[in-house]
1. Show me the ranking of peptides 31-41, 283-293, 383-393 by mean Cβ neighbours inside 10 Å, starting with the highest.
2. Report the extension gain between Glu185 and Val208 in nm, rounded to one decimal, defined as 0.36 nm multiplied by the number of residues separating them, less their alpha carbon distance.
3. Taking 2.2 N^0.38 Å as the expected size of a compact globular protein, what ratio does the Cα radius of gyration of the stretch 280-407 give against it, to two decimals?
4. R0 = 45 Å: FRET efficiency of Ala273 with Arg225, Cβ-based, nearest 0.05?
5. Determine the principal axes of the Cα atoms in the chain, then give the extent along each, sorted from largest to smallest and rounded to whole angstroms.
6. So for the chain, averaging the separation of alpha carbon pairs under 8 Å that are six or more residues apart and normalising by length, what relative contact order in percent results?
7. Do any of Lys25/Lys184; Lys78/Lys115; Lys354/Lys384; Lys311/Lys461 go past 19 Å between their Cα atoms, and which?
8. If you wrap the stretch 196-353's Cα atoms in a convex hull and average its projection over all directions, what's the area in nm²?
Amino acid sequence: MAKLIPVDPFDCVVFGATGDLALRKLMPALYHRWRDGQIPASSRIVGAARAALSADEYRAMAREKYQAFFPDDPIDEKTWKGFAERLAYCELDAGDAGSNWADLSALLDPASGKKRMFYFALPPSIYGDVAANIARAGLKTPQTAVVLEKPIGFDLASARAINDAVGRSFEERQVFRIDHYLGKETVQNLLILRFANAIFEPLWNANVIDHVQISVNESIGAGGRASYYDKSGALRDMVQNHLMQLLCLVAMEPPLELAADVVRDEKIKVLRALRPFTAATVKENSVRGQYRAGVIDGRPAPGYEEELGRKSDTETFVALKAHIDNWRWAGVPFYLRTGKRMSARRSDIVIQFKNVAHSIVGPEAGALHPVRLVIRLQPDEGVKLMLMTKDPGPGGMRLKYVPLNLSYAETFTRRYPDAYERLLMAVVRGDLALFMRRDEVEAAWAWVDDILQAWSDEAVKLYPYTAGSDGPAQSAMLLDRDGREWF
Ligand code: NDP
Ligand code: BG6
C-alpha cells in the first residue's frame, strides 16, 4: 500500500449532514480515510442539521446510506465501530444565530490548537450567515477552516456577495472552495503529465496543437435534484466550475511549484485571457440542449420536463467553442461540452495535435491521422496517446492508428482515494492548492455571465436531444463547420 500522508487530529463539523452530499460522499469519504488509518483516533466528526435525531439514529442513517451507495464494499464491523465512536450529531439550524450553538460547542475539543473544519453542505444562500454564526458562537480558532461547496452563487454579483459575507468572518487562507474535479486522480495527474515529462511542454502550444476538447458527459439526469438544477442549468452547474477548472489546468503556464497561490496565479491568467462571448458571437459558438425521453443502456429514461413536472427553458446540455487570447493559444479552439442523459458517462480531455506537414506515403497506405492525447477522467481512468504506426505484416506499407495506453485499473491495482477523500484530507493539512481562490470563482462567473447575457439578448434556441444520444445535432455541427468532430 502507498504511504499515507499523516494528518493532525482534527474536529470536523458537516452542516447539512442529512443531505445527499453528506451521506453519499462526505461520510463515506471520512469512513474510508478512517479505514485506511489516516484519521487520528482523537479526531471528532459531528453531523449537524435541523432534523431531530439522536447520535445513534444519525450513525444508523450514515451506515444505511453507506451500504446503499457502496453495495460492493461490505462494512467491516470493527472498523465501523471505531468510526462511529468518533461520529456525533447535533440538531442545529446553522443559519440561525439563536440555534443550539452551545450544544455544538460542547461536542468540539476545546483545545484551540486543534484543526477544526466546518463543511458547508448547505444551500449557498446561507453561507454568509453560517460563517457569522460560527464566529459569533466563539467556535472560530486560528486553526479553523471553512469548506464551501459549489455553487458559490448564481452569477458574479451573488458570488461576490457570498465571498464578501464569508470574508467578514474568515480570512481567505481559511476558506476552502471545493471543486471536486480538482480532487480527481486523473485531474491531478494532468499536472504531472504536463510538467514532469519533457516531451509535452515544448509541443503544448498553438504551433503544434490543432485544438482541445473537454467533454464531461453524464448518463444520469437531473432526477431528484431537478428543482435545484432547473434554476441552474448545465452552464452554471458544470461549466462555470468543473470544465473551466479543467481548461485552466490544460492551458496554464508551468507553475514554479505546486504551492497554492503559485498554481492559482497561473489559473487566473487563463481565466482572464478567455475571449468573452457577445451577442454577435454567441449563436455561432454555443449550443444549448435539453433531453427528451429516450433509452439509456436498454432502459427507458424520462425527459427533463417530465422529471421536473413542468415546462422549462433550462439547458441540460451545453457545447461551447472558446478561445484563449494569449501568446500560447492564439487561434486554438477549446471545445467544451457537458450534458446529462447522454449515451454514456464519460469525461475526457483530448489534445489534438496538428497533422504532419507532408506525407511520405501515398494514399494507398491509408489515412494519416494526427497524434491525439486522450486523458480519460472517468469512468475507466487512463491516458492514451494515439499514434500512427505501420501495420505489421506482408501487406506492404499500410498505416494503422493505434493507442499507447496507460490504464489506471491495470497499472495501479490498489484502491486510491476518491476526490472527496483527497480534498477533505487536504483541508486538514491546510493545503489550498486544490481549492478555488476567490478571484478564480469570480473570473469564471464573469465569463459565464457574458454567455448567459448573450443567450438572453439573442434568444438562443434550446435544441431537444434524445436521452441516450450524444446531444443535439447542432453540437456536432459546431465542430463540423471547422472540419472537426467530437471524439
Ligand atoms: P440536500 O438538499 O440533499 O441537503 C441539504 C442539507 O442541508 C440537508 O441536510 C438539510 O437538512 C440541511 N439544511 C438546509 N438548510 C439548513 C439550515 N438552515 N441549517 C442547517 N441545515 C440545513 O442538498 P445536497 O446535499 O445535495 O447539497 C448540499 C450543498 O452541496 C448544496 O450547496 C449543493 O449545491 C452542493 N453540492 C451537492 C452535490 C451533490 O452531489 N449532492 C454536488 C456538488 C455540490 P435539514 O433541512 O434537516 O436542516
Ligand atoms: C456536480 C453537479 O457538481 O457534479 C452534478 O452539481 C453532477 O450535476 C456532478 O452530476 C458530477 O460529478 P462526477 O464526479 O460524478 O462527475
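1. Values: 31-41: 18.2, 283-293: 20.8, 383-393: 14.5.
Going from most to least packed, we get 283-293, 31-41, 383-393.
2. Values: separation 23, 0.36 × 23 = 8.28 nm, distance 2.69 nm.
Fully extending the segment from Glu185 to Val208 adds 5.6 nm.
3. Working: Rg = 20.1 Å, N = 128, 2.2 N^0.38 = 13.9 Å.
For the stretch 280-407, the normalised Cα radius of gyration comes out at 1.45.
4. 0.85
5. Per principal axis, max minus min of the Cα coordinates gives 78, 53, 47 Å.
6. On the way: 886 pairs, mean separation 86.3, N = 487.
Averaging sequence separation for qualifying contacts and normalising by length gives 18 percent for the chain.
7. Lys78/Lys115
8. Details: hull surface 45.2 nm².
In nm², the orientation-averaged hull projection of the stretch 196-353 is 11.3.
Each value in this text was obtained by applying a stated rule to the coordinates, not by laboratory testing. Predicted model only: the values in this text are computed from it and were never measured. Cβ coordinates were reconstructed from backbone atoms using ideal geometry, including for glycine residues, and neighbour counts include every protein chain displayed.
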